[in-house]
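Quick notes on the structure that follows.
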Amino acid sequence: MKKKLIIGPRIKRLRTQLSLTQAEFARRLDVSATYVNLIERNQRPVSAAVLLKLAEEFDINVADLAQDMDAGLVNELVNALRDPVFGELQVPKSELEDLVGASPETIKGFLRLHERYRELALSTYSDANPLADREKVELLEESARPVEKVRQFLHEQSNYFPELDETASAFYAEMTSGRNNIETAIQERLEDKYKLRIRVLPSSAMPSSFTYFDRHRSGIDISELLHPTGRQFQLAFQLGLLEYRDLIEDIVETSGLKEDSARGLARVSLTNYFAAALLMPYKAFLKACEDTRYDVDLLSHRFGTSFEQTAHRLTTLQKPDAKGIPFFFLRIDAAGNVSKRFSAGRFHFSKFGGACPRWNIHRTFEQPGETLTQLIQMPDDTTYVSISKAINRSRGHHGRPPARVAIGLGCDKAYADSLIYCDRLDLASQKPTPIGVNCYLCDRQNCASRAHAPLNRKLKFDAHARGISLYEFEPVRPKES
């Protein structure tokens, strides 16, 4: 079934830019003024015939109009408006989508202004409270950290960098043309062209690192604790730096990042992107995804990559004319700390705090090696298929257990039929588990898992009653008509 194209604000903006009335615009498109009016109010979809007429009559690229709504920008706006500074402001999500569709640059400016407000609030709060609660300070300062700036840069690019993907695919074809597999080809390239010795060393010789590029001895040292898939990825990473440093640097230069720490992190992130694209070339990887119905373990075996590497690669399949499923990705530790996150779709991520305790990603630590599937639903009623698995990021030994994390991967329920993980789910009758972004931003009442009071709700206390939650608060007031 083809998705209906609801792009009223964009059509209205185009008409306004052309200085045409609805009647004049309708006449040029050979449709009625009533139809144009309904389109602009998102009450009718834009048909293929109208799109073609737009291209013919006004010489525009209809692909620009037909792009999917920037759901990530909508979610950022939703989260920003939850700030207590806005009180109990309630704006329907449909209105926010209209705002983003009508003027995305204005919304980006508003979000930058809100970020600046939060930074100033942090400064004032810290100056006035030298012994302030550290957890609250960390919540406020998150947006100012270099890692958040790099995350924003990746988000603005939809985590897709065509220059890196195209270069990596051509490089893959060149290196495997002699029928070598990519693993052998990478090692031979490093040894033959760059005269680098690759050594796997005992963990006692590398107590604080997994890899080290020794320039003076012309070698790459790798810890024995790193899994073979991790070793291969690190070699691909080093080869990317050696072969395409200038290309990576050009992208960093255009990123708008100013701080050295942010630029350094961006450089590492882009090189990681190249390494993944080299080991999992776009076209071949996307075809394998569709053939296996996105079986992450099977894809890992096929491309010689880890579960985490494969899952993260799934979020980068955003080529406009050859897109994969828009997945979200999350990595957390046993304490619930989020160390990596990205959403190519509509999933809501908070810029601070952990993940909702009702999400079964936390249960994977009790069932290592098993892949858990769950239907989850956010407060705005959007429903997702979640795939979670706990993994060991490296090997361990006595006195040094392996670092274990949980990987969460998922997408909108609309893509369920394309996922092998949904074959055993009764999507018609199974009710999704209600979750929130995190406790600070969740408005759900009577949640036994709540660990914090919501930031934007007034607490209430009743000495004669005890609810299932430690925190009772005033409900959201219904919006007056």
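Just so it is clear, none of the values below were taken in a lab; they were calculated from the coordinates. Computed from a predicted model, the values in this text were never measured in an experiment. All Cβ positions, glycine included, derive from the backbone under ideal geometry; neighbour counts span all protein chains shown.
Structure notes:
- Here's how it looks for E224: its modeled amide H is under 5 Å from those of L201, S203, which are all 5 or more places away or on a different chain.
- Exposure proxy shown here: for R41, R313, the number of other Cβ atoms within 10 Å sets the order, fewest to most, as R41, R313.
- Kyte-Doolittle mean at least 0.5, axial Cα span of 18 Å or more - DSSP H helices of the chain: 260-279
- Amide H to amide H, with H built 1.01 Å from N, K340 comes under 5 Å of R331, counting only residues 5 or more places away or on other chains.
- Computed on segment 228-374, with alpha-carbon pairs under 8 angstrom and 6+ residues apart, the relative contact order is 14 percent.
- Between H227 and S429, residue separation times 0.36 nm minus the direct Cα-Cα distance comes to 68.6 nm.
- Cα-Cα over 20 Å, subset of K287/K323; K108/K458; K53/K108; K93/K149; K283/K340: K108/K458; K53/K108; K93/K149; K283/K340
- Cα gyration tensor, segment 164-318 - rounded (a/c under 1.5), prolate or oblate: rounded
- Approximate spin-label separation N337-A288, in nm, with each point projected 7 Å along Cα-to-Cβ: 3.3 nm
- FRET efficiency for R215 and H398, using Cβ-Cβ distance with R0 set to 45 Å, rounded to 0.05: 0.85
- Counting only residues at least eight positions apart within a chain, or on another chain, the aspartates and glutamates with an alpha carbon under 15 Å from that of K195 are D214, D221, E243.
- Spatial separation of Cα centroids for segment 432-454 and segment 307-337, in angstrom: 24 Å
- The slack between S203 and L52, meaning 0.36 nm per residue of separation minus the straight C-alpha distance, is 48.1 nm.
- By the helix-only formula, in which each DSSP H run with n ≥ 4 contributes -39500 (n - 2.57) and the sum is divided by residues, the chain has a 222 nm mean residue ellipticity of -13000 deg cm²/dmol.
- Per-residue Karplus couplings for segment 326-334, computed as 6.51 cos²θ - 1.76 cosθ + 1.60 with θ equal to phi - 60°, are listed in order as x, 8, 9, 9, 9, 10, 10, 9, 5 Hz, Gly and Pro entered as x.
- Extension gain, R179 to I60: 0.36 nm times the residue separation minus the Cα-Cα distance gives 38.3 nm.
- Debye log10 I(q)/I(0) at q = 0.12 Å⁻¹ for the chain, Cα point scatterers: -1.26
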